[in-house]
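Everything on this sheet refers to the single structure shown next.
The values are calculated or read from the model by the stated rules, or taken from the named source; none is laboratory data. Treat the numbers as computed from the prediction; the structure is a model and nothing was measured. Cβ sites come from the backbone with ideal geometry, for glycine too, and all protein chains shown count toward neighbours. Areas reflect the complete protein model, heavy atoms only, side chains present, ligands, DNA and RNA absent. Shrake-Rupley method; radii C 1.70, N 1.55, O 1.52, S 1.80 Å.
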Amino acid sequence: MSEATEKRKNPFLEPYKTPHDAVPFDRIRLEDYEEAFMEGIRRDNEQIEKTINNPAKPTFDNTIIDKEDTTEGYYDLLERVSTVFFNLLSAETNDAMDALAQKMQPILTQHANDVRLNERLFERIKYVHRHHRKLTPEEKRLLDDCYDGFVRSGALLDKEGKDRLRQLTEEASVLSLQFSQNLLKENKAFMLHIVDKAQLDGLPQTAIDAAAEEARQRDLDGWVFTLDGPSYSPFMTYSTQRELRQQMYMAYNTKGIHDNSENNLEICRRLINLRREIAQLLGFRTYADYVLKNRMAGNVKNVYKLLNDLIDAYKPTAVKEREELLEFGKDDSCKAGVTGNHRSSTLQPWDMAFLSHKLKLKRYNLDAEMLRPYFQLEKVIGGVLGLANKLYGLTFRENGDIPVYHPDVKTYEVFDRDGSFLAVFYADFHPRKGKQGGAWMTEYQGQYIDRKGEDVRPHVSVVMNLTKPTAEKPALLTLGEVETFLHEFGHALHGMLSKCRFQSLSGTNVWWDFVELPSQFMENYAVEKDFLRTFAFHYETGEPLPDKLIRRIVRSRNFMAATACLRQVSFGLLDMAYYTKKDEFSDDIISFEKRAWRKAIIGRQRTDTCMTTQFSHIMAGGYAAGYYSYKWAEVLDADAFAVFKRHGIFDQPTAQRFRDSILSRGGTENPMTLYKRFKGSEPTIDALLKRNGIKRETKKA
């Protein structure tokens, strides 16, 4: 038989035979997924049958490790096809992928329930949990997590309870997927098409060029602005066309509430109730109680204490910030684009970014566009990767032989200080049609040590929506985009530097109010002169970012910081309000939302916008009853960076201790144990308050 007529093999069903066994994106076709999913489920069931029919007495090795290590010569099939499919569903989807996801999601959820509710398998796990050999701390953590995972998935319920749990979880998984698909469609459906050049007034040339490029790609004349961050944010900040800012703002903030097939209101209401019922079926008062049992915060009371402490600390400053902004809005120097009376009753949300930019420019003589020429993407990449070298001795080598799923994606081999291979790193930078908004880190392969003692290294990816290059200029970023890159790269380092025995405990598999520590920690470097000096050079002249601009960056760091803090706190309050409900939720989503976060809101709220219907974190992203984690981890990251500031931001011993105590240990121990091992004591809120200028530094005599 000729090679041309030989039956094509599904790449998921054989070893990849690529550099570092990386995903062969170039060989995968849509039809490969379903076949691999179904074969993966079959193999999973076969392995489970083998485990539960083992005549030997259940032990940690023949039950827990058998369940963790399901590899037969190459990586677990169901896990690897699921990882690729659902990662691409966020990063590079299309209508056919979406349809397949709708088909497979109930099947996969049913299989997950079949495993977690398998009574014979749980009996073995329960026996091992009560009778086991002496275990290492990591083995004990795995056993406890395994047992607790089955209990939290309904293993102790009676048949009626298990049947009901199946119904609830299967419905929730489908609705979460539908929520995300609706949001992506809403986001991509809108465009602001401008053909009158006068309507570009105030916009920087970078935004105009990007809009012209967007129009060309759509075969349109003029300029096209979208709801993607690199397009939306500059428009809201610089455009003097107030009516157009309003149009953009309303399009962005009404996603999911229009009278169309992408309306998410009822989906949100149903998801809230499904999660409440799941938690109560499992013996918890609310879904928040269920979630927080396995979080650093521990309980609802501690979450509200954090949020309320932040409100008490930041609200007085936030009120002053708003008053200063409103007063500034009356000034003739900033009236362009804000017509009419300038009292607070006439200012609208679509004016705030515009006015904030003008006030910042007046106060600090600093503008994001002043910095863009110094933040060429290629140089930023070198700076961020170079930071990992300075801190941890890592080396990144671009490797074009590693397959990618889109030309935007860059691939690197990562090597440790001693030259040993550490990880594969994917970086996906720019927005496009089939890509969700925002930024995130994920993995295509987690780190673990197999039964033969081989350290299987991770394949880590960061996905962002940064400013794209144009025909005239390379990709030039804002300082905020540099911070986003650093944030996601912090997550990536958490994955790359993992050194754990078990994959389910490695890398970012930690409690969710701890997972943001490594990412938010890295953001601190964005305003550090010694770091900026390593990469911030003008893309045309090669001149370094001037000292005067760096000083302005540092001085302006806390501009509107209290307002930004309260915004995050308001999201945390909204999240907790939904998931601390003990009775059926039947309220109007929009009015409930406005009441829920009122304590953290300054100024009048609009009743024709909605955050909930586009709040992916708490509806489809795993942060339900956990959005407070960003502020919880911010306390940790400020506290940790203060240690670096005392010893030097590139101090090797401090960095090594951070790596050994936190970045390499994954979820193998309690997060507070890991943090105290790094710092020597528990964190306090003081470093955050000082960093944000809420609490003054005390100078030694």
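Couple of notes before you dig in:
- Rolling a 1.4 angstrom probe over the range 577-701 with all protein chains present gives an accessible area of which 48% lies on carbon and sulfur atoms.
- Centroid-to-centroid separation of the range 490-516 and the range 627-691 [C-alpha atoms, Å]: 15
- Seen from P19, the other residues with C-beta closer than 9 Å to its C-beta sum to a net charge of -3, counting Lys and Arg as +1 and Asp and Glu as -1.
- Dipole orientation for the chain: of the candidates A251, F644, F122, F644 has the Cα lying most toward the positive pole (charges on Cβ; Lys, Arg +1; Asp, Glu -1).
- Label-point separation in nm, R27 to R216, each point 7 Å along Cα→Cβ: 3.7
- Cβ-based net charge around T580, under 9 Å, with every Lys or Arg adding one and every Asp or Glu removing one: +2
- In a simple Cβ point-charge model (Lys, Arg +1; Asp, Glu -1; nothing else charged), the chain has a dipole of about 2800 debye relative to its Cα centre.
- With contacts taken as Cα pairs under 8 Å at a separation of at least 6 residues, the chain carries a relative contact order of 15 percent.
- Stokes-Einstein D in µm²/s, Kirkwood radius over Cα pairs - the range 71-211 at 4 °C with 1.567 mPa s viscosity: 67
- Sulfur and carbon atoms: percent of accessible area, the range 164-267 [1.4 Å]: 47
- Over the chain: helical MRE at 222 nm, DSSP H runs n ≥ 4 each giving -39500 (n - 2.57), nearest 500: -16000 deg cm²/dmol
- Cα gyration tensor shape of the chain, rounded if a/c is under 1.5, else prolate or oblate by comparing a/b with b/c: rounded
- Sites listed here are trypsin sites (Lys or Arg not before Pro) in the range 106-175 whose DSSP assignment is loop and whose Cβ has at most 12 other Cβ atoms within 10 Å: R133, K134.
- For the range 202-317, the Cβ-based charge dipole about the Cα centre amounts to some 900 debye (Lys, Arg positive; Asp, Glu negative; other atoms uncharged).
- Heavy-atom accessible surface of the range 394-525: percent carbon and sulfur, 1.4 Å: 48
- Relative to one another, the C-alpha centroids of the range 190-243 and the range 414-469 are positioned 32 Å apart.
- Taking the Cα atoms of the range 563-680, the ratio Rg/Rh between the radius of gyration and the Kirkwood radius comes to 1.11.
- Helix axis angle, 349-364 relative to the chain longest principal axis, alpha carbon, degrees: 70
- Compared with the dominant principal axis of the Cα atoms in the chain, helix 300-329 is inclined by about 20°.
- Average accessible area per residue (Å²) across the chain - probe 1.4 Å, nucleic acids and ligands excluded: 43
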